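The values are calculated or read from the model by the stated rules, or taken from the named source; none is laboratory data. Keep in mind that what you see is a predicted model, and the values were worked out from it rather than measured. So basically every Cβ, Gly included, is an ideal-geometry build from the backbone, and we count neighbours across all protein chains shown. The protein model used for the area step is the full one, side chains on, heavy atoms only, and it has no ligands, DNA or RNA in it. Shrake-Rupley method; radii C 1.70, N 1.55, O 1.52, S 1.80 Å.
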Amino acid sequence: MELTSKQRKLLEKYAQPMSAIVIVGGAGVTDGIHDMLDKSLASHELLKVKFNEYKDEKETLSAELAERSNAVLVRIIGNVAIFYRPAEKAEDRKYEKELNKLS
């Protein structure tokens, strides 16, 4: 899924008041981080991942996380990456209608 710049801006707006759900610490990006991201995306669609460690590698690690979890990396702001993946069931999708207006 590719997002336009307007769609990215909209998702950034929705993510702004959110707290980071997944935090990358000293252990790095482990299978536990991948599992947590996958489960969190399934229930929230949009979330933040904070890099407390591995800040120099955040672009590479974020791209890897997005690819492995079949999500879209919306943007990296500071040490926080924003991810989006639509819910599996159409009726559970919170952002799809507004995103489609901007496409």
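Residues considered: ALA15, ALA27. Of these, the only one that is under 14 Å from the mean Cα position of the chain (by Cα) and either open to solvent by less than 50 Å² (accessible area, probe 1.4 Å) or at pLDDT below 95 (or both) is ALA15. Entry remark, segment 86-103: residues being open to solvent by 70 Å² or more (accessible area, probe 1.4 Å), assigned to a helix (DSSP H, G or I) and either in contact with a His (Cβ under 6 Å, 6 or more places away or on another chain) or not charged (D, E, K, R) (or both) number 1 in total.
If you go through segment 25-53 and pick out every residue that is over 30 Å from LYS101 (Cβ atoms) and out of contact with any Ser or Thr (no Cβ under 9 Å at 6 or more places or on another chain), you end up with 13. Residues in segment 30-54 that are open to solvent by less than 10 Å² (accessible area, probe 1.4 Å) and either closer than 16 Å to ALA87 by Cβ or without any contact (Cβ under 8 Å) to a residue 12 or more places away in the chain (or both): LEU37, LEU41, GLU45, LEU46, LEU47.
Take VAL74 and decide whether it is touching a Phe, Trp or Tyr at 6+ places or on another chain (Cβ under 6 Å), outside any helix (DSSP H, G or I) and modelled with pLDDT of 95 or more. Here the answer is yes, as VAL74 does meet what is asked.
Quick test of your reading of the structure: ILE82 fulfils all but one of (1) under 11 Å from the mean Cα position of the chain (by Cα); (2) within 20 Å of SER5 (Cα to Cα); (3) open to solvent by 30 Å² or more (accessible area, probe 1.4 Å); (4) not polar (S, T, N, Q). Name the failing condition by number. Here ILE82 clears every test but (3).
Out of the residues in segment 42-71 meeting the condition of being assigned to a loop (DSSP other than H, G, I, E, B) and of a type in the set (Asp, Glu), tell me which one is nearest to LEU11 (Cα to Cα). Explain how you work it out, then say what you get.
Of all residues in segment 42-71, those assigned to a loop (DSSP other than H, G, I, E, B) come to 45, 52-54, 70-71.
Applying the additional criterion that residues be of a type in the set (Asp, Glu) yields 45, 53.
On the way: GLU45: 10, GLU53: 25 Å.
Here the residue is GLU45.
Within the option set ALA27, ALA81, being within 21 Å of LYS9 (Cα to Cα) and either hydrophobic (A, V, I, L, M, F, W, C) or assigned to a helix (DSSP H, G or I) (or both) holds for one residue only, ALA81. Residues that are touching a Lys or Arg at 6+ places or on another chain (Cβ under 7 Å) and in a loop (DSSP other than H, G, I, E, B) within segment 1-18 comprise just one, MET18.
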